[in-house]
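Data block below; observations after.
Just so it is clear, none of the values below were taken in a lab; they were calculated from the coordinates. Worth saying up front: this structure is predicted, and the values here are computed from it rather than measured. As a convention, Cβ positions derive from the backbone with ideal geometry for all residues, glycine included, and neighbour counts pool all protein chains shown.
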Amino acid sequence: MKSAIKYFACLLLVMGATAVGEIVRLHLSPPNMVMLYLLAVVLAALRLGLRPAIVTAALGVLAFDFFFVPPRFSFTVQDKEYLITFFALFGVGLVISTLVSRFRQRTEELAEREAETAALYRLSRDIASAPDSSAVYSAIVHNAAECFQVEAALMIPIDGALQVVEKNGELEITAADIELAKWSFKSLRKAGHGSGSYSDSSAMTLPFVVMGECIAILILFTCERGAIAEKRLNRIVEGFAIQLKMALVRLELAQQAEAAQVVHAREKLERALLNSVSHDLRTPLATVTGVLTSLKEDGGHLSDRARLELLDTACSEAERLNRFVGNLLDMTRIEAGAVRLRLEPCDVQDLVGCAIGAVEQRLGNLRIDVKLADNLPLVMMDMVLMTQVLVNLLDNARKYAPLKSRVEISANADKNWLYLAVSDQGGGLPGKDLQHIFDKFYRVPIPEGAGGTGLGLSICKGLVEAHGGTVSAENLVTGGFRVCIELPLKEMEQQ
């Protein structure tokens with residue numbers, strides 16, 4: 001049908017040239033009218049192709065002879081010189097048709113290459129920003145559907161079986177489509193609509209083959225096979241396959257790099273843990289050992305006061321060692337999700353009193369100010385664990401607050417939340433430290449070499465979050481450091 005239309009267009013071009021020639025016949029000699037038919041040949045070659053252009057040249061010779069060569073309206077030629085004109089018209093028309101047709105073909109090829117390059121560029125741009133394999137598969141299907149103007153799906157071999165990983169909208173993949181894809185996967189050949197295999201299918205399967213390995217199967221649906229040139233189809237599929245392979249390799253390398261970073265971070269954490277454990281275990285053990293050695297060797301020569309001081313030192317270091325081991329165990333329980341809350345109605349004033357009593361002997365010259373709002377409600381919490389939270393916060397304040405300064409514990413509540421805060425009058429923390437203050441084993445340089453494991457605030461965070469609350473830290477405008485705890489009241493009441 002399309003061919004018939006083209007040849008009918010050839011006839012119209014010749015008729016048009018003849019009509020124009022009839023108009024200007026009185027002003028031009030017959031040999032000059034040949035240019036009108038050559039123009040028709042050029043238009044036919046540009047728009048219709050080589051064969052229609054040749055037909056146009058032949059029709060032009062006949063029309064020129066019939067309408068303009070004496071005697072007119074007859075194919076008889078009186079002047080034999082016109083025979084040379086006929087051959088010249090047809091020969092020049094043939095040459096022009098060939099040249100213009102080649103130019104047209106070359107232009108179409110360049111346009112196709114440009115379209116292919118643009119399609120591959122869009123695909124590479126989309127894939128470059130893809131964070132994971134799912135986004136890569138989506139980019140492949142979206143760009144394939146846009147490039148071929150059809151619906152598309154992508155199948156990937158996973159654990160030895162082809163699986164659909166992406167498709168357009170509500171597109172349904174039938175069992176026949178899957179079997180067709182399996183055949184293409186095994187044979188490394190395209191199949192389906194318009195191909196030499198399973199050509200009665202409405203779908204076409206295109207294997208993505210890279211270095212002899214099929215990495216995916218692209219399925220095109222309701223496609224007009226004749227609209228896609230063989231070479232162009234192969235080039236696009238090859239380009240898509242290479243882009244997919246490169247993207248998957250990039251993601252794999254990124255995962256390996258991330259895994260290497262995780263391993264490095266874990267090794268760094270293990271070294272920090274080893275250093276922390278060795279230091280924080282060795283120091284109190286060395287002190288206790290030294291005290292016991294002194295008592296053993298020189299106990300008979302020491303005064304009662306000296307012996308009591310040594311025993312107090314040993315007890316203090318033993319308590320420090322016990323706190324450290326307890327912190328390690330608590331951190332292990334929190335990370336393992338083994339914290340079990342024993343919730344009961346607790347008075348905030350009792351909670352604060354228990355925490356102060358537990359650390360009172362270690363506070364030295366620090367003064368504790370307690371500011372509790374009136375009529376604070378009873379809060380459902382684990383009294384022992386929340387006491388430990390406040391003890392850790394007070395210990396932290398003791399390390400950073402100047403001597404004879406003030407540490408403040410405040411509490412208030414609204415309808416939904418209980419707000420607890422512990423503030424000191426130290427110098428605060430740099431911004432870079434403030435961001436990591438609740439990280440495990442993170443330690444800020446402490447004045448006068450006071451000890452610390454970097455676990456106290458991490459434990460606070462874990463225990464508060466186990467209660468459904470949040471914990472945060474901030475520097476005070478007036479100087480100092482404050483840790484704020486928020487505990488939900490409604491959730492606690494329901495529990």
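So here's what we get for this one:
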{"read-out": "Cross-link partners of LYS80 among aspartates and glutamates (Cα-Cα below 15 Å; sequence separation of 8 or more within a chain)", "value": "ASP65"}
{"read-out": "3J(HN,Hα) from dihedral phi, the stretch 404-415, Karplus parametrisation 6.51/-1.76/1.60, rounded to Hz, x for glycine, proline", "value": "6, 8, 10, 10, 10, 10, 10, 8, 8, 8, 10, 5"}
{"read-out": "Over 29 Å (Cα to Cα) - which of LYS6/LYS190; LYS6/LYS231; LYS245/LYS440; LYS296/LYS440 fall in this group", "value": "LYS6/LYS190; LYS245/LYS440; LYS296/LYS440"}
{"read-out": "Net dipole in debye of the chain [+1 Lys, Arg Cβ; -1 Asp, Glu Cβ; about Cα centre; nearest 20]", "value": "2020"}
{"read-out": "Long-range HN-HN contacts of ALA203 with modeled amide H, under 5 Å", "value": "HIS193"}
{"read-out": "Helical mean residue ellipticity (222 nm; -39500 (n - 2.57) per DSSP H run of 4+; nearest 500) of the chain", "value": "-20500 deg cm²/dmol"}
{"read-out": "Sequence-distant residues sharing a close amide H with ALA413 (under 5 Å, placed H)", "value": "TYR419"}
{"read-out": "Read-out mean projected area of the Cα convex hull in nm², derived from the coordinates shown; its label in (1) 44.6; (2) 24.8; (3) 26.4", "value": "(1)"}
{"read-out": "Furthest towards positive pole of dipole, CYS484, MET380, GLY364, structure part the stretch 344-494, Cβ charges", "value": "GLY364"}
{"read-out": "For the chain, with +1 on Lys and Arg beta carbons and -1 on Asp and Glu, the positive-most of LEU302, ALA259, SER423 along the dipole", "value": "ALA259"}
{"read-out": "Whichever lysines have a C-alpha closer than 20 Å to that of LYS371, once near sequence neighbours (fewer than 8 apart) are set aside", "value": "LYS404, LYS415"}
{"read-out": "Fewest-first sequence of PHE148, PHE208 by Cβ atoms within 10 Å of each Cβ", "value": "PHE148, PHE208"}
{"read-out": "Packing rank of 55-64, 83-92, where each peptide gets the mean count of other beta carbons within 10 Å, highest leading", "value": "55-64, 83-92"}
{"read-out": "ILE84-ARG235 FRET efficiency (beta carbon distance; Förster radius 35 Å; 0.05 resolution)", "value": "0.15"}
{"read-out": "For LEU366, distant residues with modelled amide H under 5 Å away", "value": "LYS404"}
{"read-out": "Antiparallel DSSP beta bridges within the stretch 344-494, percent to nearest 5", "value": "80"}
{"read-out": "Residue among ALA63, THR98, VAL20 farthest towards the positive dipole end of the stretch 2-113, charges placed on Cβ", "value": "THR98"}
